Amino acid sequence: MTRITEMHDIHPVFPSILSTNFFNLREKLDAFEANKIDFIHLDVMDGHFVDNISFGPSASKSIKSNFDFKIDAHLMVSNPGKMIPKFIDAGSDWISFHIETREDIKENILRIKKGDRKPGLVLNPDTPVEQVFPYLDDIHYVLLMSVFPGYGGQSFIESTLDRVAQLKKELNRRKTDCLIQVDGGVNTSNIRALKEAGTDFFVIGTFLFNSDDPPGTLNGILEKINEV
Ligand code: DX5
Ligand code: ZN
């Protein structure tokens, strides 16, 4: 059960650099590396699927060449089929794309797997969870958005908790070990409930990047996640 071991070894927090002040990004990434963060969440926006523009493949390449982090590339683009090979070439380890793009989903999953990367499917807050069920045996993780994609610093959408529980129930029923990731407005006031609902990984942006003490904030988050 290789994947189970992997999951337990991976730090549950995936910092999102979208809302960073680029002039202290290295300092923040050094602090995350020192605190055993494994993955950096890279929000890729094309100004079409969402009305914002962010990072390209070069961001993945430069982080990988300067740090030991793995990259989790969240593709908020209308043409994932064209972008996936570029992020594979740029060393991204996990690559997720939106089910709402309506491209050939199985084909894009295969594209990611052929590049020996882990595929993920992303659902917007108003996309029925059932839509991802046909793909659960083909993907490594499902990313449930807890905000509508496009910006950091938005408020957490509470109905996400029921959606996580619904997805977890289906994963258990199928005895698949596909993982659950949540992204958007995550902080210490909602992370415990997300964990209890069945979330494995937590993307966190402003709550971490606005902190003057990232190590302290990270420890506070871990305490909440591991609370018994
Ligand atoms: C939003 C992005 C998120 C965002 C998270 O479209 O996908 O990853 O950066 O940031 P916070 O935690 O500030 O909501
Ligand atoms: Zn994201």
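The values are calculated or read from the model by the stated rules, or taken from the named source; none is laboratory data. Because the structure is predicted, anything quoted here is derived from the model rather than measured. In this analysis, Cβ positions are derived from the backbone assuming ideal geometry, glycine residues included, and neighbour counts consider all displayed protein chains. To get the accessible areas, we keep the full protein, side chains included, count just its heavy atoms, and leave off ligands, DNA and RNA. Shrake-Rupley method; radii C 1.70, N 1.55, O 1.52, S 1.80 Å.
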(message) Please compute the modelled spin-label separation between Glu103 and Asp9, points set 7 Å along Cα→Cβ, answer in nm with one decimal.
(response) 3.0
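222 nm [θ] for the chain, helices only, -39500 (n - 2.57) per DSSP H run of 4+, per residue, to 500?
Details: 9 runs with 86 residues, N = 228.
Value at 222 nm, helices only, nearest 500: -11000 deg cm²/dmol.
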(message) Starting from the 7 Å offset along Cα-to-Cβ, what nm value, one decimal, do you get for the label separation of Lys86 and Gln166?
(response) 3.3
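Counting only DSSP beta bridges with both residues in the chain, what percent are antiparallel, rounded to the nearest 5?
The answer is about 5 percent antiparallel.
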(message) Probe of 1.4 angstrom, ligands and nucleic acids ignored: what's the accessible area per residue over the stretch 94-162, in square angstrom?
(response) 43
(request) State the Kirkwood hydrodynamic radius of the stretch 106-159 in Å, one decimal place, computed from all pairs of distinct Cα atoms. (result) 12.5
(message) Given R₀ = 41 Å, what would the calculated FRET efficiency be for Arg173 paired with Glu223, taking r from the Cβ atoms and rounding to 0.05?
(response) 0.85
(request) With all protein chains present, calculate the accessible area of Ser62 using a 1.4 Å probe and round the result to the nearest 10 Å². (result) 50
(request) Run the accessible area of the stretch 58-99 with a 1.4 Å probe and give the carbon-and-sulfur part as a rounded percent. (result) 47
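Please state, as a whole number in µm²/s, the translational diffusion coefficient that the Stokes-Einstein equation yields for the stretch 1-138 at 25 °C and 0.890 mPa s, with Rh defined as the Kirkwood radius across alpha carbon pairs.
On the way: Rh = 15.7 Å.
Roughly 156 µm²/s, to the nearest whole number.
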